[in-house]
Amino acid sequence: SLGGRALFLGEADYPRALAQIEDAPPVLSALGQPQLLTRRMVGVVGARNASLIGKRLAESFASELAAAGVVVVSGLARGIDASAHAGALTGGTVAVMAGGVDVIYPEENRALYTRIKGEGMLLSEIPLGVEPQGRHFPRRNRIISGLCSGVVVIEAAEMSGSLITARMALEQGREVFAVPGSPLDPRSKGGNALIRQGATLTECAADV
């Protein structure tokens with residue numbers, strides 16, 4: 001009735017890259033443009049309390065990636081996620097949600113949710129009508145990384161969900177990219193740590 005469909009693990013229209021991870025969701029709810037799931041995808045994630053520069057970078061990176069034919073995947077959170085979705089809308093973006101695909105969260109992203117539903121794709125393994133809960137977010141993050149060839153981290157604190165996504169990406173054999181930031185900004189400590197650990201230092205979309 002929402003105009004979407006269910007995607008089942010093992011069927012032809014289930015995202016191929018996601019099907020290869022160890023704990024692939026057996027079923028996904030999907031609203032939007034299904035053809036996006038057949039294209040190459042890159043995740044763009046980062047801080048909810050992102051700086052203005054961080055948001056601009058996320059939107060610019062996403063716009064350039066989308067223009068190059070890459071679908072941008074993120075988590076529809078405030079901050080970096082929302083900016084990445086906004087930048088990629090015209091070229092293709094997928095939002096992986098921590099609640100049911102019919103539950104708009106956070107409320108401030110209602111207009112963005114509506115646009116992604118029409119122009120992009122909304123995905124979730126959580127049943128319809130279920131509000132996001134804390135335990136859902138790490139599970140959502142492994143879907144973001146699982147869909148993608150690589151994940152770009154823009155602004156992440158030392159103990160953040162974005163670093164969970166990066167760790168899951170490494171475990172899944174994906175490439176991790178990180179944008180460096182000021183050592184004086186706590187929002188940059190996670191990304192800088194990833195670079196020290198071997199993530200690809202990323203200054204522009206061309207690096208990805």
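The values are calculated or read from the model by the stated rules, or taken from the named source; none is laboratory data. All of these numbers come straight from a predicted model, not from anything done at the bench. Cβ coordinates were reconstructed from backbone atoms using ideal geometry, including for glycine residues, and neighbour counts include every protein chain displayed. For the accessible areas, the whole protein counts, side chains as well, though only heavy atoms, and no ligand, DNA or RNA atoms are used. Shrake-Rupley method; radii C 1.70, N 1.55, O 1.52, S 1.80 Å.
For every residue, the table says whether it meets (1) open to solvent by 20 Å² or more (accessible area, probe 1.4 Å); (2) in contact with a Phe, Trp or Tyr (Cβ under 8 Å, 6 or more places away or on another chain); (3) closer than 24 Å to Ser60 by Cα; (4) not acidic (Asp, Glu).
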residue: Met121; (1), (2), (3), (4): no, no, yes, yes
residue: Glu125; (1), (2), (3), (4): yes, no, no, no
residue: Gly129; (1), (2), (3), (4): yes, no, no, yes
residue: Gln133; (1), (2), (3), (4): yes, no, no, yes
residue: Ser145; (1), (2), (3), (4): no, no, yes, yes
residue: Val151; (1), (2), (3), (4): no, yes, yes, yes
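Taking the conditions exactly as written (in contact with a Gly (Cβ under 9 Å, 6 or more places away or on another chain), buried (at least 20 other Cβ atoms within 10 Å of the Cβ) and free of Cβ contacts under 8 Å to residues at least 40 places away in the same chain), does Ala95 satisfy them or not? Against the criterion (in contact with a Gly (Cβ under 9 Å, 6 or more places away or on another chain), buried (at least 20 other Cβ atoms within 10 Å of the Cβ) and free of Cβ contacts under 8 Å to residues at least 40 places away in the same chain), Ala95 qualifies. Quick check on this structure: which one of Ala169, Ala157 is within 28 Å of Pro183 (Cβ to Cβ), part of a loop (DSSP other than H, G, I, E, B), aliphatic (A, V, I, L, M) and in contact (Cβ under 8 Å) with a residue 40 or more places away in the chain? Ala157 is the lone residue from the list that is within 28 Å of Pro183 (Cβ to Cβ), part of a loop (DSSP other than H, G, I, E, B), aliphatic (A, V, I, L, M) and in contact (Cβ under 8 Å) with a residue 40 or more places away in the chain. Scanning the stretch 172-192 for residues that are surrounded by fewer than 16 Cβ atoms within 10 Å (Cβ to Cβ) and in contact with a helix residue (DSSP H, G or I) (Cβ under 8 Å, 6 or more places away or on another chain) yields a count of 4. Look at (1) crowded, with 19+ Cβ neighbours inside 10 Å; (2) assigned to a loop (DSSP other than H, G, I, E, B); (3) touching a helix residue (DSSP H, G or I) at 6+ places or on another chain (Cβ under 8 Å); (4) at negative phi and you find that Gly100 fails only one, number (3). Residues in the stretch 155-171 that are open to solvent by 20 Å² or more (accessible area, probe 1.4 Å) and among the polar types (S, T, N, Q): 1 in all.
If the condition is being farther than 23 Å from Gly173 by Cα, touching a helix residue (DSSP H, G or I) at 6+ places or on another chain (Cβ under 9 Å) and either part of a helix (DSSP H, G or I) or not small (Gly, Ala, Ser) (or both), then the stretch 27-57 contributes Leu31, Gln33, Arg48, Asn49, Gly54, Lys55, Arg56, Leu57.
Within the stretch 12-26, restricting attention to residues that are open to solvent by 40 Å² or more (accessible area, probe 1.4 Å) and part of a loop (DSSP other than H, G, I, E, B), the residue that is nearest to Leu128 (Cα to Cα) is Pro26. Does the stretch 1-11 include one or more residues that are open to solvent by 10 Å² or more (accessible area, probe 1.4 Å) and touching a residue at least 60 places away in the same chain (Cβ under 8 Å)? Yes, the stretch 1-11 has at least one match. Against the test of being under 26 Å from Lys189 (Cβ atoms), more than 12 Å from the chain's Cα centre (by Cα) and aliphatic (A, V, I, L, M), the options Ala77, Ala156, Ala82, Ala111 yield a single qualifying residue, Ala156.
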